[in-house]
Every structure is written in C-alpha cells, then in structure tokens.
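Structure record follows, encoded as structure tokens.
The values are calculated or read from the model by the stated rules, or taken from the named source; none is laboratory data. These numbers come from a predicted model, not from an experiment. Positions of Cβ are backbone-derived with ideal geometry, glycine not excepted, and every protein chain shown enters the neighbour counts.
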Amino acid sequence: MKNVLVIGMGRFGQQLCKELYELGNEIMAIDTDEAALEAVSEYVAASRVADCTNPEVLSGIGVTDYDVCCVCIGNNFQNSLEITSQLKEMGAKYVVSKANRDIQSKFLLRNGADEVIYPNRDMAEKLARKVSTNHVFDYIELTDEYAIYEIPPLKAWVGKSVREANIRAQYNVNVLGTKVDGQMKLMSVADYVIKENEHLVVLGTQEDIDKLVKKID
C-alpha cells in the first residue's frame, strides 16, 4: 500500500482515485470543488477543498509524507505547472503530472515532474498500477484477465537461465523478453541467463502477476 496525493478531481482524477483505492492504496484528494470531492468520498481516506496554487496549502498537508503526488488538473495548465513546481520544491518524492499536449509535457518535465501522462480512462488504471508498487515499471492491459508487465527479476533468478529459473511452472507467467536502458529484446531461447540490472517483460493473468510482484524484494 502507498500513500498517494491526487490533486484535481476531474474525470481522470476521479477515475485514478477509484483505481488506486481498488489496488489497496490510501488516497488524499484535493480540489477547489466540493461536489467533485464528494464523488470520490468512498474511495479516499481524506479530502480537502483547497486551491493548491497557494503554497500554504501544499506546505500544510506535508507533501513529503506521500509516496506519489499526482497533478490531474486539466482545464488550467498554468495552475498545473505552478503546482508541479511547488511540489518538487517542497520535497515531494515523485510527481506525476497530467498533460494534454506534447508542449505541456516538456514544460512540466522542466519544472519538476518526474513523469507526465496523457489523460484517458485506460491511463488512469495503468498509472494506478504503476504507483501502487516499486516493482512495476510498465503495464499493458490486454484483456480484463491478461496483461503484460515490466518487472525486475527475483533475486533467486539472477544468474540462472529462464529454463533453470522455471518461471512458467512456478508462477504461471511467460517471459516475453528483457529490457535494459529502455531497449527491449524479445526472448529467443530458454537458455538466456537472467541479469540483475535488467527488467523482464512478462505475460500472464492479473492474479498470477500480482502474486509474483509481491515476492520481489
């Protein structure tokens, strides 16, 4: 479980709160509109009607206490930029900001965002899954049941071949490939030896991969 601050309760922010809640996280929601906060009341541990462009608001909630801060403001980019910058200046551990265009993404990254996402319903679920654990670097939902995850290898797998690690038999997931420094290589042979500094791209059911991720140190 992680503590997540979500600022902005538009459609994307509300969907993100719902997805985070269903993944077992504790959420603090902030918006200037009380009605928008009421729409997510069953999903959040706490909420506050406030304007986060005011530095006193952010300093008052203790942004350093949150594992991830998500800025989901969509109708005022200037506000989003200001809040993103202030969060980082106040020591926020990881800031994810929403952008509508590439030019907005560039400004957000220059002003403190660790990650920028583009708004849609599917992205809310993907972001929720990523921020819920330290061990999911990327996630693609294929169906309601199956997904592809990018994860680090278990320590017990390092130095062993895919065949020796017996990953499919033990965890019921398929290793599709490896990823190092953003470069993806498809898995061609089961004799490939797993390295410590690489990520594995695996395919399986949500249930099976969730069990595997919980075993990663």
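Quick notes on this structure:
- Set Ser59, Ser85: member being part of a helix (DSSP H, G or I), surrounded by fewer than 22 Cβ atoms within 10 Å (Cβ to Cβ), modelled with pLDDT under 95 and of a type outside the set (Lys, Arg): Ser59
- Filter result for the condition that a residue is among the basic types (Lys, Arg) and either touching a helix residue (DSSP H, G or I) at 6+ places or on another chain (Cβ under 7 Å) or surrounded by 15 or more Cβ atoms within 10 Å (Cβ to Cβ) (or both), over Lys98, Lys106: Lys98
- Listed by first and then second residue, the pairs linking a residue in the range 1-17 that is in contact (Cβ under 8 Å) with a residue 12 or more places away in the chain to a residue that is among the polar types (S, T, N, Q), with Cβ atoms under 7 Å apart and 6 or more places separating them unless they lie on different chains, are Met1/Asn25; Lys2/Asn25; Lys2/Ser132; Val4/Asn25.
- Evaluating Tyr192 against the criteria (1) surrounded by 13 or more Cβ atoms within 10 Å (Cβ to Cβ); (2) more than 30 Å from Ile73 (Cβ to Cβ); (3) under 18 Å from the mean Cα position of the chain (by Cα) leaves one unmet condition, (3).
- Looking across the range 99-157 at every residue that is acidic (Asp, Glu) and closer than 19 Å to Gln206 by Cβ, the one that is modelled with the lowest pLDDT is identified as Asp122.
- Among the residues of the range 1-45, those that are of a type in the set (A, V, I, L, M) and either assigned to a helix (DSSP H, G or I) or surrounded by fewer than 19 Cβ atoms within 10 Å (Cβ to Cβ) (or both) comprise Met1, Leu16, Leu20, Leu23, Ala35, Ala36, Leu37, Ala39, Ala45.
- When the residues of the range 188-213 are filtered to those that are assigned to a strand (DSSP E or B) and touching a residue at least 40 places away in the same chain (Cβ under 8 Å), the one that is nearest to Leu23 (Cα to Cα) is Thr205.
- Residue list for the range 135-162, filter: surrounded by fewer than 18 Cβ atoms within 10 Å (Cβ to Cβ), among the aliphatic types (A, V, I, L, M) and in a loop (DSSP other than H, G, I, E, B): Leu142, Val158
- Exactly one residue out of Lys126, Lys185, Lys160 is in the same structural domain as Glu19 (by TED's automatic domain parsing) and without any contact (Cβ under 8 Å) to a residue 40 or more places away in the chain: that is Lys126.
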